[in-house]
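Asker: Structure incoming, see below.
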Amino acid sequence: MKILLQFCVVLLTTISFAQTIGLQTFATGFSSPVAIVNAGDSRLFVVQRGGAIRILNANGTINATNFLTLTSSTIVSGGERGLLGLAFHPNYATNGYFYVNYTRASDGATVIARYNVSANPDVADANSGQVLLTVSQPFSNHNGGSLVFGPDGYLYIGMGDGGSFGDPSNYGQNINSLLGKMLRIDVDSGSPYTIPAGNPYAGATPGADEIWGVGMRNPWKFSFDKQTGDLWIADVGQDAREEINKVSTPLTAGLNYGWRCYEANIPYNTNGCQSVSNYFMPVANYALGNGYCSITGGYVYRGSTYPNMVGKYFFSDYCSNRIGWVENSGGTITWSSLFTGNFVSFGEDINGELYVAGISNGTISKIIDTSLGTEDFQRNGLSLYPNPAQHSVTLQNTSLLNLTQLSVFDMMGKKVMHQNMNSAESTEISIGQLSPGLYVVSVEEANGNTFTSKLMVK
């Protein structure tokens, strides 16, 4: 009866859904992580601001050898500078190409460079670097940093306005400058790239050929919805508003996102500006102050583990240490409870599950829906990985609880699996006999306490 009541609570929670977001520690020990990227397989690649790219495996372990290390002779790091972005070519599995965004050691300029993986799939060829694009930076802040391949196969690059305060040179609205822009280039043609024909200032049209959109202040993380192809851009505000922009498919080139004429949807410096109707306004924004200071863009959740999160866009605020989300149509922002870590990047694994990086504590955490009964697992040092899983799953027992048994129930409350347990820190559990679907795992301590978590079998 106790188990059936627990399942009723789980099912009713799913129906009423208050959407309680939690964080489950996935890995620790990183130094200033600023990006989390997958290469189309089970690994996550964590970019450290100081110049290293490290491989984080599906079981939470970190490879001892860096995937790539860029030294101080190549990059300058600290503050808003450093190794800031990573993107794998859509055909990475066959061509081995990946692209990085860093600030150059000699002068702080933004550099977009291509590297190759070596014969060892866990180590890059450090001598293969080829510079594609260099953009001078007048100040040390507002370097942007993100680069992402779009569904059209082109490489998109987010550039800040060059820094200082208030975009003093009005780079955001200057179509002859690459600063304060969204750029788009074709890395599969030309040397080192060509300009896509759809870029608004391509060819004889006045303006820089690489520009795809104008009027950005500092786009700190953007992503494409892996299901719809919609583009979501988080642009850091000046001193009043933080904004979220959404460009729906088919993607529109040549949009003006407003800065420095507008900060989100309010006027900032409208000298020489056009009518407000000429600017593309955000789908959501929030006020600075009261602990909120700087937006970090994320992803639309397209995983299968947390059905109630599907279709919502998740992001965070650096100072508030909260995760925010909006519906796919934008509008009202909902905030999580308070966490720690100062979040500067989200990541999406091959299954669409989301992760977030804390730059101050060096922790990569998985975003979970605690309304489905995973909070007590996390709170007591328990976790299941990988999740979703296919043939086996590992129960991590970091608190070394004296566990006695593990049971798996289907969503009708029927026990479909049982296994005796002990206080081992890590136990592999075979689930090959389970049909694909959603299950609840329950573990019991010697003192009678039970903890439950959801498991998706694929």
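Asker: So how much accessible area does Asp41 have, in Å² to the nearest 10, using a 1.4 Å probe?
Answerer: Counting only protein heavy atoms, the figure is 50 Å².
Asker: For a protection proxy built on the mean count of beta-carbon atoms within 10 angstrom, sort 393-402, 340-349 highest first, please.
Answerer: The peptides rank, most packed first, as 340-349, 393-402.
Asker: Spin-label point model (7 Å from Cα, Cβ direction): what's the Cys319 to Ser73 distance in nm?
Answerer: 4.1
Asker: When the Cα centres of the range 217-261 and the range 24-87 are compared, how far apart do they sit, in Å?
Answerer: If you average the Cα positions of each part, the centres end up 24 Å apart.
Asker: Here is a further query. For Cα extents along the principal axes in Å, one of (i) 75, 48, 45; (ii) 67, 48, 39; (iii) 72, 49, 35 was computed from the structure I shared and the rest are decoys. Which label?
Answerer: (iii)
Asker: Could you tell me the center-to-center distance, by alpha carbons, between the range 333-362 and the range 305-321 in angstrom?
Answerer: Between the Cα centre of the range 333-362 and that of the range 305-321, the gap is 8 Å.
Asker: Let me ask something else. Note the full-extension length gain between Thr61 and Thr450 as 0.36 nm times their separation in residues minus their Cα-Cα distance, in nm to one decimal.
Answerer: Numbers: separation 389, 0.36 × 389 = 140.04 nm, distance 2.68 nm.
Once the chain is fully extended between Thr61 and Thr450, it gains 137.4 nm.
Asker: Going Cα to Cα from Lys414, which lysines come in below 26 Å? Please leave out same-chain ones fewer than 8 positions away.
Answerer: Lys2, Lys454, Lys458
Asker: Please report the carbon-and-sulfur percent of the accessible area for the chain; probe 1.4 Å, protein heavy atoms only, DNA, RNA and ligands left out.
Answerer: Its accessible area is 49 percent carbon and sulfur atoms.
Asker: Can I ask one more? Just the accessible area per residue of the chain, please: how many Å² with a 1.4 Å probe?
Answerer: 38
Asker: Tell me the angle of helix 2-16 to the major Cα principal axis of the chain, expressed in degrees between 0 and 90 and rounded to the nearest ten.
Answerer: 20
Asker: Charges on Cβ only, +1 for Lys and Arg, -1 for Asp and Glu, centred on the Cα centroid of the chain; of Asn218, Val117, Thr404, which one is farthest towards the dipole's positive end?
Answerer: It is Thr404, whose Cα lies furthest towards the positive end.
Asker: While we're on this one: Roll a 1.4 Å probe over the protein heavy atoms and report the accessible area of His142 in Å², nearest 10.
Answerer: Approximately 10 Å² for this residue.
Asker: Answer rounded, prolate or oblate for the range 179-235, using the Cα gyration tensor with square roots of eigenvalues a ≥ b ≥ c: rounded when a/c is under 1.5, else prolate when a/b is larger than b/c, else oblate.
Answerer: Oblate is the answer for the range 179-235, as a/c is 1.5 or above yet b/c matches or exceeds a/b.
Asker: What's the extension gain from Asn271 to Ser392 if we count 0.36 nm per residue and subtract their Cα-Cα distance?
Answerer: Working: separation 121, 0.36 × 121 = 43.56 nm, distance 6.21 nm.
Extending this stretch completely gives an extra 37.4 nm.
The values are calculated or read from the model by the stated rules, or taken from the named source; none is laboratory data. Everything numeric here is computed off the predicted structure, so don't read it as measured data. So basically every Cβ, Gly included, is an ideal-geometry build from the backbone, and we count neighbours across all protein chains shown. Heads up: the accessible areas ignore ligands, DNA and RNA and are worked out on the full protein's heavy atoms, side chains in. Shrake-Rupley method; radii C 1.70, N 1.55, O 1.52, S 1.80 Å.
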